[in-house]
Structures are given as C-alpha cells and as structure tokens.
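Structure first, commentary second.
The values are calculated or read from the model by the stated rules, or taken from the named source; none is laboratory data. Because the structure is a prediction, the values reported are computed rather than measured. No Cβ is skipped: glycine too gets one built from the backbone with ideal geometry, and neighbour counts run over all protein chains shown. Protein only, heavy atoms only, side chains kept; ligands, DNA and RNA dropped before computing areas. Shrake-Rupley method; radii C 1.70, N 1.55, O 1.52, S 1.80 Å.
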Amino acid sequence: MASKRLYVPTRDYDAIHAFFNLSTEDTVLLGKALRETPANIATASYVEDVAKRAELPEPSLSQIVSLLLTLYRVRSSNFGTVSQFLDLFRESLALSGDERFKYSNEQWTEIVRRVQPLLEIDDPVAIVAKASALYFEHENTVHGFSLVTDFRPVFTSTPGDGVSYGLIMHSFTLSYHDKDSSSTKEVTVVVDEEDLDTLETLVARAKVKKPALERQLGEASIRILNGA
C-alpha cells in the first residue's frame, strides 16, 4: 500500500473539500438517499436522482455524488479496505499543496468517521460505479448518429442542357468515442432503401429481444439496471 499513489485532479478539489465538510446530519441524509435511489447505468441521471432525494442545501451536492462514484471506481482497483483507501487519499491530497487539505490527526479521524459509511454502500452505489465503468469498457462507444438525404443530379454529355436524371441518396454517419485516442471520430457510408429496410428490421428485432431477455433474467432474480 505504501508504494501506491492516487492522482487527484485539481478540478475535483472543491467537491472533495465540500464532501469532507458535510455535517454528520448531512452525511446521514446523503447515505439514506444513496441507499434508496434505484441503480441507473446513466450516471448523470443517477446523480441527479440522489441529489433530489437527499434534499440537502449543499450547492455542490451533485458534484459530491459524482465524486463518490469516482471514488468507488478507483477503490475497486485493488486499493485495499475503505480505511486504507482513505488514508492513501489523505496522503495524496497532502501532496497537492492545497491548504484546505492539511488536516491534523484528530480532524482526519472525524472526517473518516463521517464519510467512511458513504464509501461502504455496495448496493446500489458500488453497482452503479462498476456497471457504468463496464459499460464503457469497449473499443468504441457511440457518440451520435445522423442520416442525411440529398439529391445528386446526373447530366448528359451536354451539361448545358440541364439536369436529365438524378439520384436520391442517403448518407449515414456514425460518430463514436475512440478508446485509444480519447477523441470523437466519424465514419460515413452511403445507404440505399434496401439498407434502410435492413437497419429497420435489425432495430425492431433488438427491441423484441431485450424484453424477452429481461423476462428470463427476472425469473432468475437478476435485475437489469435502468438506462441500460
């Protein structure tokens, strides 16, 4: 454990400071909201739902919930117990040079007492953190789609005579997040009416398969995460 270090982005400092300064009452309310909010693979929706359910005045509550999900993901990478993870977190923050994170042993003991229970909620918080990470563990993930229909004129050997014929064409563009380069890329292909019919058939089949799988998995007491 001593050889490990955590990288803590400076953009998270404010959320960390707010998290560590939640009162005992606020951590209890937040813990209740975290336990009661249904798991959702769409983390933005989950964060929003938890923040609404907690009903706390803390303006950075959504950032705190997002931070918690990140901490769950990081801790799952073999960082020991929650207590060991928090001690490592303290060491990494102390190296940041930010005066807000210079705690006495007594202050840190009190912080751990309040926040440690929030990092020990396996279901649903750890489930959401693991599932959302698993969801994006693919070579590429979708960013968006577009389908543009346009007319392409066909001229005779004497273009001055005007347009004689034409083609109606469809350009299908898929934009995606490239895992290796962390950038968004695009690929565009021309599709015809037959291609569109095939795509429509495949989509319809996929929509039928999902509820069928959900029924079978439900019979095996396997829950499907919302948003997946």
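Calculated from the structure at hand, Kirkwood radius over Cα pairs in Å is found among (i) 21.8; (ii) 19.7; (iii) 17.7 as (i).
For segment 211-221, 3J(HN,Hα) computed residue by residue from phi via the Karplus equation (6.51, -1.76, 1.60; θ = phi - 60°) reads x, 5, 5, 4, 5, 5, 5, x, 5, 9, 6 Hz, glycine and proline entered as x. Amide H contacts of His143: Ser175, Tyr176, His177, each under 5 Å away and 5 or more positions distant or on a separate chain (H built 1.01 Å from N in the peptide plane; Pro and chain starts excluded).
Using a Förster distance of 25 Å, how high is the FRET efficiency between Asn78 and Asp14, based on the Cβ-Cβ distance and rounded to 0.05? List each step's numbers first, then the result.
On the way: r = 28 Å, r/R0 = 1.12.
Efficiency computed from Cβ-Cβ geometry: 0.35.
With 0.36 nm allotted per residue and the present C-alpha distance subtracted, the His170-Leu199 stretch has 9.1 nm of extension available. Structure remark: mean-square fluctuation, Gaussian network model of the chain, C-alpha springs under 10 Å; the largest value among Asp150, Asp161, Asp192 belongs to Asp161.
Leaving ligands and nucleic acids out of the surface, order His17, His138, His170 by accessible area at 1.4 Å, largest first. List each step's numbers first, then the result.
On the way: His17 60, His138 100, His170 15 Å².
Descending order: His138, His17, His170.
Taking K and R as +1 and D and E as -1, what net charge do the other residues with C-beta under 15 Å from the C-beta of Lys4 add up to? Summing Lys/Arg as +1 and Asp/Glu as -1 gives +1. Could you check which residue among Lys32, Lys52, Lys210 shows the biggest mean-square fluctuation in a GNM of the chain with a 10 Å Cα cutoff? Evaluated over the chain, the most mobile residue of the options is Lys210.
Net charge near Ala51: determine it from the other residues with C-beta under 14 Å of the C-beta of Ala51, scoring Lys and Arg +1 and Asp and Glu -1. List each step's numbers first, then the result.
Working: positive: Lys32, Lys52, Arg53; negative: Asp26, Glu36, Glu48, Asp49, Glu55, Glu58.
Local net charge: -3.
How about segment 100-153: which trypsin sites (Lys or Arg not before Pro) there are in a DSSP loop, with at most 15 other Cβ atoms within 10 Å of their Cβ? Intermediate results must be reported in sequence, preceding the final value.
Details: sites: Arg100, Lys102, Arg113, Arg114, Lys130; in loops: Lys102.
Hits after loop and neighbour filter: Lys102.
If you run the Gaussian network model on the chain, springs between alpha carbon atoms under 10 Å, then out of Arg215, Arg73, Arg90 the most flexible one is Arg215. Using θ = phi - 60° in the Karplus curve 6.51 cos²θ - 1.76 cosθ + 1.60, the 3J(HN,Hα) couplings for segment 63-78 round to 5, 5, 5, 4, 4, 4, 4, 5, 5, 4, 5, 5, 5, 5, 8, 6 Hz; x is entered for Gly and Pro.
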